[in-house]
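The values are calculated or read from the model by the stated rules, or taken from the named source; none is laboratory data. If you're wondering where the values come from, they're calculated on a predicted model, not measured in any experiment. When we count neighbours, we look across all protein chains shown, and the Cβ atoms used for this are built from the backbone with ideal geometry, even at glycine. Accessible surface is based on the protein model in full, side chains and every heavy atom, while ligands, DNA and RNA are left aside. Shrake-Rupley method; radii C 1.70, N 1.55, O 1.52, S 1.80 Å.
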Amino acid sequence: MRAWLATLGVVAQMAFRNLFASRLKTIIVGGIIFFGGLLVVAGNSLLDSVVASMSRSVIGSVAGHIQVYNAKSKDTLEVMGRMMMGDPDLSQLDDFAKVRDSLLKVENVKSVVPMGISGALVTSGNTIDLALEKLRSAVNARHDAKTDAQRVEAEARVASEKGHVRQIVSVLQGDLKNAKAVLDERTIDPADGAAVNRAASDAFWQDFDKEPFEALEFLENRIASQAADADLLFLNYIGTDFQAFQKSFDRMKIVEGTTVPAGKRGFLFAKHVYEEQLKLKAARRLDQIKEGTENEGETIATDPDLKRMVRENVSQVREILLQLDAAKTVDFRAKLQRELGSQEADVGKLLAAFFQTDDQNFRERYDFFYKELAPSLELYRVRIGDVLTIKAFTRSGYVQSVNVPVYGTFEFQGLEKSTLAGALNLMDMVSFRELYGFMSGEKLAEIQALQKAAGAREVSRENAEAELFGSKAEDAPAAKAPRRIEATTTPGVAPVMRDLGESLGGKLQREEARSRVFPADEVERGVVLNAAVILKNPKKIRETIVAIEAQGKRDGLTLKAIDWQAAAGLIGQFVNVIRMVLYVAILIIFLIALVIINNALVMATLERVKEIGTLRAIGAQRRFILAMLVVESIVVGFIFGGLGAGLGVLLVSVVGKIGIPAKSDVWFFFFSGPRLYPFIGTSNIVAAFAIVLLVSAFSSFYPAWIAMRVTPRQAMQEEE
Amino acid sequence: MKAIVSVREAVKNYTLGNVVVPALRGVTLDVVEGDFLAIAGPSGSGKTTLLNLIGCVDTPTSGSVEVAGKDTRRLSERELTDLRLHTIGFIFQSFNLVSVLTVSQNIELPLLLQRKLTGPERAQRVSALLERVGLREYGTHRPSELSGGQRQRVAIARALVTRPQLVLADEPTANLDSVTGAHILDLMRELNRTEKTTFIFSTHDQSVMAHANAVVRLADGKLVDRVTPAQAAAENGLPA
Ligand SMILES: Nc1ncnc2c1ncn2[C@@H]1O[C@H](COP(=O)(O)OP(=O)(O)O)[C@@H](O)[C@H]1O
Ligand SMILES: [Mg+2]
């Protein structure tokens, strides 16, 4: 035994000395293994850290640890990363309370949040529609005026609104001129052009007061349709119980307004959606330029994105112009002339000049915009407190419309900038069910009655879109009739209506949306699509999934439980994809390393043929030679692999202190905040060593085979 | 006296592609214990081939080679290696020291391979041999720091460290000048006398043959005769 150890000693000694003697080989081979070890440790640690923080993002923003849905569903549940695709085909869970009670029997379950995820395509209000509506109401007021004072006041209103409409028409006239310059003349309907020119003419406005209703009708029918400034908006929303949601997802915080009170209808915008999609675009771009220059250290001069935003602000002043009535036009002209020291009278040109910002004047212009201009503008297309009319296709293909008051905006702490985490808005469960087409028995009867009365016909999901957007019938009576199911007359748009008009129906509906309180029982005992489950011990996801499904069976429920990663759909897959990429990269690097190490070892072995022959001649068995080479490889592997892994650990822990800043909003989600703080996993160090040893072993095979074949006779050969 | 080496009608053919090169064409030779035998012959006459057969580095194509009573043709490659390790010592023409080991480590190497002695025993043997070959001061040196003669002395010490019955030396002085070569032969001769080790060495150098007990002459793969060094010298017209 001791002699055996002594042999191992000499083997090791020879191995060490050989390594030292052929330094170049050792450095090449060692260098590769060093970087291999570094890559495995640092890369895997980084990835594990991303997975861990991403899981916090997914779990903390909507998925919870586990999602539960009906096992009978045709599709699998995905709560994140869905874009404009249709809703997955999920079977409903009939009674949430029953599901919740069943889940809470499972030991590890902390809380359960009811959910339903869907989306609706909506168009936001058209500026000219609103302006015309105001003009019409002013004309009506003048018509109905009883006293002189009333008449004078109404006359002033009419004049102001007329100014606004004229302003809009002149913008449209400008558009038309531009269109003619850019597009083929023939593609523009000459009747449209004639209508705009007529509406822009002094004669039209001089005659306006003679036949105001006729003129209004002309504007509404011939002009409003041409001012296509209404954007299509796709809102994704989760129907949920706000109180349960907020308690379970404690990263959620209200930014503006308040949460929706228990039992009430209500809508909370994701702050990100609110800023990104509902804010006046010029203002949004100013915000982004400010963010870029002040927080990300970029400059307008060098960053192409910021440059583009400045360009868009200069060329897209129309959005602001449309909001200006006569008084505001005068006000803006004066302010901008002063600010710019300009004599220009055209507000559009003044705005374009104002938005032509550079790194020097940007901050001043930004402040000026928010202090002087913004107060006169509608910065958001929907304000907190407005009632939102959301129309969606129910599962049976009807178009269902629900009015929900907007209570505020919310965001998830640390994920403020993440598009992914900020894509879902929140809606109360009752409204969600109505939009999705879940009906209580009572409601169903009511609807069937209405249907008969209105002569509605069944519309399949496939052609519901055509039904909704296809016909450009007269103004939307549906929006004004409470609880009315879309019948054959469908409005041209499904607007986010800020102003439901002064009609009695509108008022009643708004009132109902604001004040009606649904009993807790109706909220809880209803249908949901899925439920998020928060666990006491998040490490036991797998076991809990099994337990949940088993408990469901005992309680007569067909529950399917999936972990957050599966629920995150594509985003969950994303991590696997990165991991695959890393593994493939490691594989390729190690394959290359294998080849290079192999070559270096073959060269070294060929150089040592005589020495090996001598050893064989003086009585060394083949296995001694093999042991010597293997020890050499292992020593190199361990030392350099160890150094590489060590540097990896050091690097990761240093970076773990400083953190890696998230460059773009996508990374906020994967980093679960503004910075990623990577950490070391011991398994990665073990993996690094295993891989390094494996590569060392594999790359030694061929050279070892060569060495094995060296005969003792080769010791005698004289190299001439 | 007992024969430690017994070669009977040994034939060795090498094949180079399709050509068969006869290196030995039936050599019969006995070497007794304690002999100090020279194998002489011109280049290509088969000296190295014969020594390889005796040294169990190669086996004959036909005929037999017995070393220490063992027929080499019946031994496996592993057994041949063991025979080399325990019974034979090798001295090479170009010394063949392991360049990465020190002088002492080179000498100790066969003992480590043998795995018979303890560390102190090995150290004791190595230092005694260092003393014996006159390299006491050089134990920690590297081979590259030594002269040719010193290196060959290290090689001799390495060959003798296991106290083999037989030491083979293939042209041990070919890479040395004549004075150094003579010293090496003197050393071998002395060890032969004191340690009773059998030496077989090859040479084509007349002055080297002079040290031997007997000279076996080879020509063209055949044993010509076995003569005294004096006879060999006389035939070549050189003083003994
Ligand atoms: N490995 C070998 N392959 C082919 N021929 C060889 C080989 N070794 C020796 N020979 C040939 O065998 C003959 C004897 O060679 P060798 O024993 O080396 O002679 P010496 O040592 O006396 O110079 C020579 O003709 C030589 O060319
Ligand atoms: Mg030779």
Starting from 0.36 nm per residue, how many nanometres of slack lie between A:Ala374 and A:Asp250 once their C-alpha separation is accounted for? 41.3 nm
Expected unfolding gain across A:Arg525-A:Ala449 under the 0.36 nm per residue rule, minus the alpha-carbon gap, is 24.9 nm
How much accessible surface does A:Lys663 have with a 1.4 Å probe, in Å² rounded to 10? 140 Å²
Would you mind telling me the antiparallel percentage of the DSSP bridges in the protein assembly as shown, rounded to 5? 70 percent
For the A:Ile384, A:Glu294 Cβ pair and Förster radius 25 Å, calculated FRET efficiency rounded to 0.05 is 0.40
Residues in segment A:625-660, backbone N under 19 Å from the label point at A:Ala585 (7 Å along the Cα-to-beta-carbon vector): list them, ranges by number please. A:644-656, A:659-660
With +1 on the Cβ of every Lys and Arg and -1 on the Cβ of every Asp and Glu, and nothing else charged, how large is the dipole of the protein assembly as shown about its Cα centre, in debye rounded to the nearest 20? 3620 debye
Unit charges at the beta carbon, dipole of segment A:213-356: most positive-side option, A:Phe218, A:Thr329, A:Leu278: A:Leu278
Are there DSSP H segments in chain A that both extend 18 Å or more along their axis (alpha-carbon positions) and score a mean Kyte-Doolittle hydropathy of at least -0.5? List them, or say none. A:2-21, A:23-58, A:127-144, A:148-182, A:441-454, A:541-554, A:570-607, A:622-658, A:682-708
Applying a 10 Å radius around every beta-carbon, put B:156-163, A:323-330 in order of their mean neighbour count, most first. B:156-163, A:323-330
With a 1.4 angstrom probe the carbon and sulfur portion of accessible area for chain A, in percent, totals 59 percent
Accessible area in the full protein assembly, largest first, 1.4 Å probe, for B:Ile39, A:Ile578, A:Ile592: A:Ile592, A:Ile578, B:Ile39
Please identify, among B:Val65, B:Val21, B:Val32, the residue showing maximal mean-square fluctuation in a Gaussian network model of chain B using a 10 angstrom Cα cutoff. B:Val21
Viscosity 0.692 mPa s, temperature 37 °C: Stokes-Einstein D of segment A:127-227 from its Kirkwood Cα radius, in µm² per second? 229 µm²/s
Place a label point 7 angstrom from the Cα of A:Ala353 along the Cα-to-Cβ direction, then list the residues of segment A:295-316 whose backbone nitrogen is under 20 Å away. A:310-316
Accessible area per residue, 1.4 Å probe, Å², for the protein assembly as shown: what's the number? 45 Å²
With r defined as the distance between the Cβ atoms of B:Lys116 and A:Leu8 and R0 fixed at 22 Å, what FRET efficiency is calculated, to the nearest 0.05? 0.90
Using only the Cα atoms of the protein assembly as shown, build the gyration tensor, take square roots of its eigenvalues as a ≥ b ≥ c, and label the shape rounded, prolate or oblate: rounded if a/c is under 1.5, else prolate if a/b is larger than b/c, else oblate. prolate
Helix B:77-87 axis, angle to chain B major axis (alpha carbon atoms, nearest 10°): 60 degrees
Note to self: C-alpha centroids of segment A:312-386 and segment B:58-81 sit apart, in Å, by 105 Å
When the solvent-accessible surface of protein heavy atoms is calculated with a 1.4 angstrom probe, in what order do A:Glu511, A:Glu220 fall, highest first? A:Glu511, A:Glu220
Working out 0.36 nm times the residue gap between A:Asn599 and A:Leu647, then minus their Cα-Cα distance, what length gain in nm do you get to one decimal? 14.6 nm
Going 7 Å from the Cα of A:Lys110 in the Cα-to-Cβ direction, what parts of segment A:537-557 have a backbone nitrogen less than 11 Å from that spot? A:537-539
Rounded to a whole number, the mean other protein chain Cβ count within 10 angstrom for residues of A:513-523 is 0
Dipole in debye (nearest 20) - chain B, about Cα centre, beta carbon charges: Lys, Arg +1; Asp, Glu -1: 500 debye
Per the Kirkwood definition applied to all pairs of different Cα atoms, how many angstroms is the hydrodynamic radius of segment A:239-290? 12.8 Å
Take every residue in peptide B:81-93, count the Cβ atoms of other chains within 10 Å of its Cβ, and give the average of those counts. 4
Quickly work out the B:Ala174-to-A:Leu233 label distance, labels modelled 7 Å from Cα along the C-beta direction, and quote it in nm with one decimal. 9.7 nm
Given points 7 Å out from each Cα along the Cα-Cβ axis, report the A:Lys210 to B:Ala230 separation in nanometres with one decimal. 16.0 nm
Could you work out the mean count of beta carbons from other protein chains within 10 Å of each residue's beta carbon in B:94-102? 6
Please give the solvent-accessible surface of A:Ile27 in Å², to the nearest 10, using a probe radius of 1.4 Å with every protein chain present. 110 Å²
Measuring from label point to label point, each 7 Å out along Cα→Cβ, what is the A:Glu543 to B:Val21 span in nm? 7.5 nm
Kindly identify segment A:1-60 as rounded, prolate or oblate by the Cα gyration tensor criterion: order the square roots of the eigenvalues as a ≥ b ≥ c, call it rounded if a/c is under 1.5, otherwise compare a/b with b/c, prolate if a/b is larger, else oblate. oblate
Rounded if a/c is under 1.5, else prolate if a/b is larger than b/c, else oblate: which is segment A:204-324, with a ≥ b ≥ c the root eigenvalues of its Cα gyration tensor? oblate
Given an 8 Å cut-off on Cα distances and at least 6 residues of separation, report the relative contact order of chain B as a percent. 27 percent
Can you tell me the relative contact order of chain A? Whole percent, Cα pairs under 8 Å, sequence separation 6 or more. 28 percent
Suppose a student asked you for the relative contact order of segment A:127-227, using Cα pairs under 8 Å spaced at least 6 residues apart; what percent would you report? 34 percent
Set the bar at 30 Å for Cα to Cα. Now go through B:Lys116/B:Lys222; A:Lys134/A:Lys371; A:Lys74/A:Lys553 and name every pair that lies beyond it. B:Lys116/B:Lys222
What's the FRET efficiency of B:Ser62 with B:Asp82 using the Cβ-Cβ distance as r and R₀ = 25 Å, to the nearest 0.05? 0.55
Keeping all protein chains in place and using 1.4 angstrom, which order do A:Arg363, A:Arg608 fall into by accessible surface area, from largest down? A:Arg363, A:Arg608
Specify which residue in the list B:Ser99, B:Pro22, B:His183 is farthest towards the positive end of the charge dipole of chain B, using unit charges on the beta carbon of Lys, Arg (+1) and Asp, Glu (-1), about the Cα centre. B:Ser99
Would you tell me the accessible area of B:Lys70, worked out with a 1.4 angstrom probe on the heavy atoms of the protein chains, in Å² to the nearest 10? 100 Å²
